[in-house]
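Remarks on the structure that follows.
The values are calculated or read from the model by the stated rules, or taken from the named source; none is laboratory data. Computed from a prediction, not measured in an experiment: that's the story for all the values here. Cβ placement follows ideal geometry from the backbone for every residue including glycine, while neighbour counts extend to all protein chains displayed. Accessible surface areas use protein heavy atoms only, side chains included; no ligands, DNA or RNA. Shrake-Rupley method; radii C 1.70, N 1.55, O 1.52, S 1.80 Å.
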Amino acid sequence: MAGNGVLDARDRGALLGRLAAERFDVLVIGGGITGSGAALDAASRGLRVALVEARDLASGTSSRSSKLIHGGLRYLEQFDFKLVYEALRERDLLVSKLAPHLVKPVSFLYPLYKKVVERPYVGAGLVIYDAMEGTRRPVPHHRHLSARGALRIAPALSASRLAGGMLYYDAQVDDARHTLTVARTAAAHSAVIATRVSAVALLRSADGTRVTGARVRDEESGREIDVTADAVVVCAGIWTDLVHELAGVQAGYRLRMSKGVHIVVPRDAVDSSTGVIVRTDKSVLFFIPWAEHWIVGTTDTDFSGDRAEPGATEADVGYILAAANKVLARPLTRDDVIAVYAGLRPLVTAIDNNGAKPTTKLSREHVVDVPVPGLASIAGGKFTTYRLMARDVVDAAVADFGRQVPPSVTDQLPLLGADGLAAVQPAAGRLAEDYGVGRAVVEHLLGRYGTLTEEVLGLTRTDPGLARPLADGHPYLRAEVAYAVTHEDALHVEDVLMRRTRLFIESADAGVGAAAEVSAIMGRLLGWNRRKRGAETRRYLDLVKAEQALIVMDADPAADVAPATVLAGGAR
Ligand SMILES: Cc1cc2nc3c(=O)[nH]c(=O)nc-3n(C[C@H](O)[C@H](O)[C@H](O)COP(=O)(O)OP(=O)(O)OC[C@H]3O[C@@H](n4cnc5c(N)ncnc54)[C@H](O)[C@@H]3O)c2cc1C
């Protein structure tokens, strides 16, 4: 249903009908953060937009990141001031205006181990970092700390060698939820958002000179549909080169993949009231607060295997534990690890097509390319700068439309759930009373749905059972499962357990205990019979088993392997 930002999984038939019947200005391939951002950018310029995503929204890299919205302190060391400046401006825009319900400031302690050389060096970097913010300051300024001050806020750090610390601020986000919210906001501007629909071929004009749309396949039924559009925008992340192959063209850049693994440990395994960032031999390691957990990572290794199933290995986990334990007083062990997930970073290098003038416009982190008229693609970049990436690729796509297309307006467009947040937050107590749930539950919902919170709670009016928690010890309500179907286009159990909620990485059983209940709630809405409900539950259990097998296969048989969940970096 277009126009109100509702992605109702029950409307799938009508949605596919629209793909077949309508002619679009822009067809976006890929429903990660870049594609969702491009759909929003184009739709909010008044264009007719469709987006097809082969699996679920954010099922690729966009649910597997470090979940930071940050300038990237380490780019300062590479003197990439423009990049840091742009990213910090995006961070501040998201925190203060576009998505304050989703993007929250987070503090990081940078422990110092070499007092004399390190403090002035890191301090100077942070002065620049802070100075690059705009005049409005949605996150606090950095602070210098003594060793004692650092230990006061992060007692988990080993005191030996600690010479002091710096405390600075960035922001964090639930990457999958943010991606979904961007896609819903695009739908609110009339974009057609179709998940589990893959582009399988690109259509050409009669003379073959222009791309005019794509043949797509509904992965649920196998039905193929030709979608026509004035421009196709490829936002397929690590799969971008495969989409170029569908068009029989070569991009003006080469895609490289780098695997990044994170582990998830319980909050009480690391005694700290702040996130921590430490230098490693190769890069940096973050301890990122994540509700009742810490996300610790990441690795950065070249990857050339099966991009759909990169998997984390024992070596990856061992590397993270070893790096973390260099700074912790009480070492983390494998028994602390409740989940592991891996993602693939899409990295790009520009190439000159056989000596021909490259069509590539290279900006430091992302690359926009128009390899053939009617086809624009983007690769690289980072989550933080998705809005700029979206703007750039849409600009490239509409450049030869032969008519005036308005410029991007997404810097003025709060995402769904953001508008009016200031008036809803104080109402948490009232909402808790009205709906008979705890205040903490309402606050949790406000941090996920913002001003749409009452839509979620409203479902409990007709079905009071939905006010019950989905899984013991976790804040999610059963109503969130129903809402995922009726408003967030969840089609399968894994969509709910892996991305609409994050039980897959937050729960020691990877959400397996909740799978049958999720299937039952979804089934009631989607008309699943008993067999189908059972099959959907099994599908999820099989998925979890397959993921766990990846890490166990690589394990040292003598090692005491934790019941870790492995989330492969490719989409499924
Ligand atoms: C370990 C790790 C940590 C990171 N941490 C951060 C961080 O803290 N902050 C930050 O700013 N950035 C971070 N990043 C980078 C960031 O996550 C990525 O740049 C971003 O998520 C990429 O989004 P995307 O939409 O381009 O790609 P994806 O999210 O991969 O989306 C591409 C989509 O295209 C779909 N697709 C592919 N082929 C087709 C087809 N034929 N038809 C239809 N759909 C198709 C896929 O299913 C997929 O969903 C991190 C990356 C990694 C790997």
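Using a Förster radius of 22 Å, what is the FRET efficiency between residue 399 and residue 205 based on their Cβ-Cβ separation? Nearest 0.05, please. Kindly include the intermediate steps, with their values, before the conclusion.
Working: r = 17 Å, r/R0 = 0.79.
Taking R0 as 22 Å, the efficiency between residue 399 and residue 205 is 0.80.
How far, in nm, would the chain grow between residue 18 and residue 325 when pulled straight, counting 0.36 nm per residue and subtracting the alpha carbon separation?
105.1 nm
Semi-axes of the equivalent ellipsoid for region 416-483, computed as √(5λ) from the eigenvalues of its C-alpha gyration tensor and ordered from largest down, come to 18, 12, 12 Å. Defining a contact as two alpha carbons under 8 Å apart and six or more residues distant in sequence, what relative contact order in percent does region 1-104 show? Across region 1-104, relative contact order equals 17 percent. Near residue 220, no amide H atom lies under 5 Å from its own; only residues 5 or more places off or on other chains count, and H is placed 1.01 Å from N.
Here, region 397-534 has an Rg and a Dmax of 18.1, 58 Å when only alpha carbons are counted.
Could you tell me what percent of the DSSP beta bridges with both partners in the chain are antiparallel, to the nearest 5?
Values: 65 of 87 bridges.
Of all bridge pairs located within the chain, approximately 75 percent are antiparallel.
Based on the mean of other Cβ atoms within 10 Å per residue, sort peptides 197-204, 459-466, 119-126 so the most packed one is first. The partial results should precede the final answer.
Numbers: 197-204: 19.9, 459-466: 14.4, 119-126: 16.1.
Order by mean packing, descending: 197-204, 119-126, 459-466.
Translational diffusion coefficient of the chain at 37 °C, 0.692 mPa s, Stokes-Einstein with Kirkwood Rh over Cα pairs, in µm²/s as a whole number. The Stokes-Einstein estimate is 135 µm²/s. For region 453-506, the Kirkwood estimate of hydrodynamic radius, built from reciprocal distances between every pair of different alpha carbons, is 11.2 Å. Taken along the Cα-to-beta-carbon direction at a fixed 7 Å, the label points for residue 525 and residue 128 span 4.8 nm.
For region 177-292, the spread of Cα coordinates along the three principal axes comes to 64, 35, 27 Å, biggest extent given first.
Cα centroid separation, region 480-533 to region 177-253: 27 Å. Take every pair of alpha-carbon atoms less than 8 Å apart whose residues are at least six positions apart; their mean separation over the length of region 374-484 yields a relative contact order of 16 percent. 3J(HN,Hα) along region 62-73, derived from phi through the Karplus expression 6.51 cos²θ - 1.76 cosθ + 1.60 where θ = phi - 60°, amounts to 6, 10, 10, 8, 6, 6, 9, 10, 8, x, x, 3 Hz, with x in place of Gly and Pro. In this structure, the amide hydrogen of residue 70, modeled 1.01 Å from its nitrogen in the peptide plane, lies closer than 5 angstrom to those of 384, counting only residues at least 5 positions away or on a different chain. Between residue 349 and residue 148, full extension at 0.36 nm per residue minus the direct alpha carbon distance yields a gain of 67.9 nm.
Give me the accessible area per residue for region 241-346, probe 1.4 Å, as a whole number in Å². Don't skip to the answer; put the middle values down first.
Working: 4110 Å² over 106 residues.
Value for region 241-346: 39 Å² per residue.
Counting only protein chain heavy atoms and rolling a 1.4 Å probe, the accessible areas of 115, 104, 67 rank, largest first, as 115, 104, 67.
With contacts taken as Cα pairs under 8 Å at a separation of at least 6 residues, the chain carries a relative contact order of 20 percent. Solvent exposure of residue 304, expressed as accessible area, is near 110 Å², computed with a probe of 1.4 Å over the protein chains only. In whole percents, the pair-distance distribution calculated for region 87-221 from its alpha-carbon pairs, binned every 10 Å from zero, is 10, 24, 22, 17, 13, 11, 3, 0. A simple rule links phi to the HN-Hα coupling: the Karplus curve 6.51 cos²θ - 1.76 cosθ + 1.60 with θ = phi - 60°, which for region 177-188 gives 5, 5, 4, 4, 5, 5, 5, 5, 5, 4, 4, 5 Hz, with x for Gly and Pro. For residue 382, a cut-off of 28 angstrom between C-alpha atoms picks up these lysines, skipping any fewer than 8 places away in its own chain: 67, 82, 97, 104, 259, 282, 357, 361. May I ask you to work out the translational diffusion coefficient for region 1-146 at 4 °C, viscosity 1.567 mPa s, via Stokes-Einstein with Rh from the Kirkwood sum over Cα pairs, reported in whole µm²/s? The diffusion coefficient I find is 70 µm²/s.
Largest first, the three principal axis extents of the alpha carbons in region 266-408 are 63, 35, 26 Å in whole numbers.
Test of the criteria: in region 249-295, which trypsin sites (Lys or Arg not before Pro) are in a DSSP loop and have at most 11 other Cβ atoms within 10 angstrom of their Cβ?
Values: sites: 254, 256, 259, 267, 279, 282; in loops: 282.
In loop regions of region 249-295 (DSSP not H, G, I, E or B), the sparsely surrounded trypsin sites (Lys or Arg not before Pro) are 282.
As a size descriptor, the averaged projected area of the C-alpha convex hull of region 1-69 was calculated at 5.3 nm². Excluding ligands, DNA and RNA, the accessible surface per residue across region 111-206 is 40 Å² with a 1.4 Å probe. Computed extension length for residue 273-residue 302: 7.1 nm, one decimal, from 0.36 nm per residue of separation with the Cα-Cα distance subtracted.
So, with a 1.4 angstrom probe, what is the percent of accessible area on the chain that is carbon and sulfur? Before the final figure, lay out the partial values.
Details: 11800 of 22090 Å².
Percent of accessible area from carbon and sulfur atoms in the chain: 53.
Note that region 514-526 has calculated 3J(HN,Hα) couplings of 9, 4, 5, 5, 4, 4, 5, 5, 5, x, 4, 7, 9 Hz, one per residue in order, obtained from phi through the Karplus relation 6.51 cos²θ - 1.76 cosθ + 1.60 (θ = phi - 60°); glycine and proline are x. Computed over region 482-542, the range of Cα coordinates on each principal axis works out to 30, 24, 14 Å, biggest value leading.
Report note on the peptides 494-506, 523-535: ranked by the mean count of other C-beta atoms within 10 Å, highest first, their order is 494-506, 523-535. Residues whose amide H lies under 5 Å from that of residue 157, counting only those 5 or more places away or on a different chain, are 329; hydrogens are built 1.01 Å from N in the peptide plane.
The residues 97, 382, sorted by heavy-atom accessible surface at 1.4 Å with ligands and nucleic acids left out, run 97, 382 from largest to smallest.
Only one residue of 123, 43, 252 has its Cα farthest out toward the positive end of the dipole of the chain, where Lys and Arg carry +1 and Asp and Glu -1 on Cβ, and that residue is 123. Could you pull out the GluC sites (Glu not before Pro) across region 152-225 that fall in loop regions by DSSP (anything but H, G, I, E, B) with no more than 11 other Cβ atoms inside 10 Å? Loop-located and lightly packed - none at all.
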